[in-house]
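The values are calculated or read from the model by the stated rules, or taken from the named source; none is laboratory data. Here the structure is a predicted model, which means the values were calculated and not measured. Note: ideal-geometry Cβ built from the backbone for every residue, glycine included; neighbour counts use all protein chains shown. Surface accessibility is based on the protein's heavy atoms, side chains included, excluding ligands, DNA and RNA. Shrake-Rupley method; radii C 1.70, N 1.55, O 1.52, S 1.80 Å.
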Amino acid sequence: SCCYLSRRLNQLSNHDPLWRRHCKKYWLISEEEKCRRDQSWKALFISTYRDLGRYIQYYATLKKAWDDLEKYLGQRCPRMIGSLKESVQEEDLDAVEAQIGCQLPDDYRCSFRIHNGQKLVVPGLMGSMALSNHYRSEDLLDIDTAAGGFQQRLGLKQCLPLTFCIHTGLSQYMALESVEGRNKYEIFYQCPDQMARNPSAIDMFITGTSYLEWFTSYVNKVVTGGYPIIRDQIFRYVHDKECVATTEDITVSVSTSFLPELSSVHPPHYFFTYRIRIEMSKDALPEKACQLDSRYWRIINARGDVDEVQGPGVVGEFPIISPGRVYEYTSCTTFSTTSGYMEGYYTFRCLYYKEKFFNVTIPRFHMVCPTFKVSTARMETSHNEYAVDEDEDSTDTDEYEERRRVLDIPAPVGRCPRHT
């Protein structure tokens, strides 16, 4: 616009190097792409702006996130790259808005101008989780599939699914309007109230405040190694770097994850899984080789209630640890409070000195469920309809199956082998 004010501003605005900075800042256009398209920097900026100008405040951030994710997956999970779909056009997004009768947020639209989600495949782009006979892997839905799952039923009015797991049926939803106690563009896992007579009583575990924040924070976790890559898929375990303990030559580290699909707000039942890595230093002497004999746990909930568990082995196994050897396993626990922590020790038996036993410290690790919102339908209903048991104890994996039957939690579906 400035070029119309004076001849000098006209000359200045046509100085091509000035447009180079804007092309790189807003559209991430490289020198190689400029050469390939054989246009001036100004022409590149203007042509891109005509197509994507609506998204100028989001495009660079989302494009970098997608580029970083593709580069990372190309090196570690190459088959996942093949599941990504090409971008959609403005008219496709406009058609979806007309179909569902709601406006899509610009950051969401912008992301789909870069990649239209992925095909319904396993593993899913948005991460996996495996525990015993339970397996979850979430796909990032393409725009047409998302529109087909758009919800108008009570409890999920005007909610668009962003992800989907073909094993559990679990989805993360984005609220397109501020209704039923949700904030506009908030992202959440639905959590049906298991004690409500009203089927529209759906609580929510919040996973994001906007699409931009939700997607870029997830990508950052992936590309910085915050989530481990196991068997060519992303596992959503969070590791606290301080959650490591070394006893002589053996180091124990722990990462944790919250499972919304096995949790409920009402009754209060919060399900966590943890992944433990036991490693003996490669510099240890050969006679340091040992076998895990038993475990001891102290499980403490937010009220300070303590549950002690002691038993043979771990998950039915008695692993042998030798210099340079690593053993990993996955287990779980539940709390009737929104947070808690665990600590304990393993007892090992020396293989060289068969009568010698020693304990290895398991570092204390905390588990906290994400922010949640209680269903407005439940808040409007008399509290006399509910009976909440707040005295439920925590448990580790060897008691989990029995506890699941007592609580009448639906049996998980799918299966993923344990990784070692």
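Once phi is turned into ³J(HN,Hα) by the Karplus curve 6.51 cos²θ - 1.76 cosθ + 1.60 with θ = phi - 60°, what whole-Hz value does each residue of segment 53-64 show in order, with x for glycine and proline?
x, 4, 10, 4, 7, 10, 4, 4, 5, 6, 5, 5
Sort MET342, MET379, MET195 by heavy-atom solvent-accessible area, probe 1.4 angstrom, most to least.
These residues rank, largest area first, as MET379, MET195, MET342.
5 Å is the cut-off here: which amide hydrogens, built 1.01 Å from N in the peptide plane, fall below it relative to ILE230, excluding neighbours closer than 5 in sequence?
Residues meeting the amide H criterion: PHE235.
Could you pull the accessible area for LEU285 with a 1.4 Å probe, rounded to 10 Å²?
The value for LEU285 is about 100 Å².
Let me check against my output: what whole-number percent is the relative contact order of segment 58-221, with C-alpha pairs under 8 Å and at least 6 apart?
Result for segment 58-221 is 17 percent.
Would you kindly derive the ³J(HN,Hα) couplings of segment 224-241 from the backbone phi angles with the Karplus curve 6.51 cos²θ - 1.76 cosθ + 1.60 (θ = phi - 60°), listing them in order in whole Hz, with x for Gly and Pro?
Result, rounded to whole Hz: 8, x, x, 10, x, 9, 10, 6, 6, 8, 8, 10, 8, 9, 9, 10, 8, 4.
Residue by residue through segment 278-288, which ³J(HN,Hα) values in whole Hz follow from phi under the Karplus form 6.51 cos²θ - 1.76 cosθ + 1.60 (θ = phi - 60°), with glycine and proline marked x?
Working through the residues one at a time gives 10, 9, 9, 3, 5, 8, 5, 6, x, 6, 7 Hz.
From the helices alone, meaning DSSP H stretches of at least four residues, give me the mean residue ellipticity at 222 nm for the chain, per-run term -39500 (n - 2.57), in deg cm²/dmol to the nearest 500.
Counting only the DSSP helices, I get -8000 deg cm²/dmol.
Which whole-number value in Å² is the accessible area per residue of segment 58-221, probe 1.4 Å?
37
How much accessible surface does LYS221 have with a 1.4 Å probe, in Å² rounded to 10?
Near enough 80 Å² of accessible area.
What are the residues whose amide H is under 5 Å from the amide H of ASP203, where those residues sit 5 or more places off or on another chain and H is modelled from the backbone?
For ASP203, the qualifying residues are CYS191, ASP193, SER375.
Keeping the other protein chains in place, figure out the carbon and sulfur percent of the accessible area of segment 58-221, with a 1.4 Å probe.
47
Pick from GLY124, GLY149, GLY101 the residue whose mean-square fluctuation is largest in a GNM of the chain, springs joining Cα atoms under 10 Å.
So, out of GLY124, GLY149, GLY101, the one fluctuating most is GLY101.
If r is the Cβ-Cβ distance from VAL306 to LEU154 and R0 is 45 Å, what FRET efficiency results, to the nearest 0.05?
0.60
Under 26 Å Cα-Cα from LYS221, which lysines qualify once same-chain neighbours fewer than 8 residues away are excluded?
LYS24, LYS25, LYS63, LYS64, LYS71, LYS85, LYS119, LYS184, LYS241, LYS373
On a 0 to 90 degree scale, rounded to 10, what angle separates helix 211-223 from the longest Cα axis of the chain?
Roughly 60 degrees, rounded to the nearest 10.
How far is helix 41-52 tilted off the main Cα axis of the chain, in degrees rounded to 10, range 0 to 90?
70
Show the residues, 5+ positions off or on another chain, whose built amide H is closer than 5 Å to the amide H of CYS243.
Sorted by chain and number, the residues that satisfy this come to none at all.
Please calculate how many Å² of accessible area segment 237-372 carries per residue, with a 1.4 Å probe and no DNA, RNA or ligand atoms counted.
Value for segment 237-372: 43 Å² per residue.
Just want to confirm a number: the relative contact order over the chain, from Cα pairs under 8 angstrom separated by 6+ residues, in percent.
In percent, rounded to a whole number, it is 13.
Rounded to the nearest 0.05, what FRET efficiency do VAL374 and ASN10 give with R0 = 56 Å and r taken as the Cβ-Cβ distance? Could you check?
It comes to 0.40.
Build a GNM of the chain with springs between Cα atoms under 10 Å: which of HIS22, HIS115, HIS366 gets the top mean-square fluctuation?
HIS22
Go through VAL360, VAL244 and list them by solvent-accessible area, largest first, probe radius 1.4 Å.
VAL244, VAL360
What's the longest bit of the chain with no exposed GluC sites (Glu not before Pro), using DSSP loop states and at most 16 other Cβ atoms within 10 Å as the test?
Longest stretch, sites excluded: 249-354.
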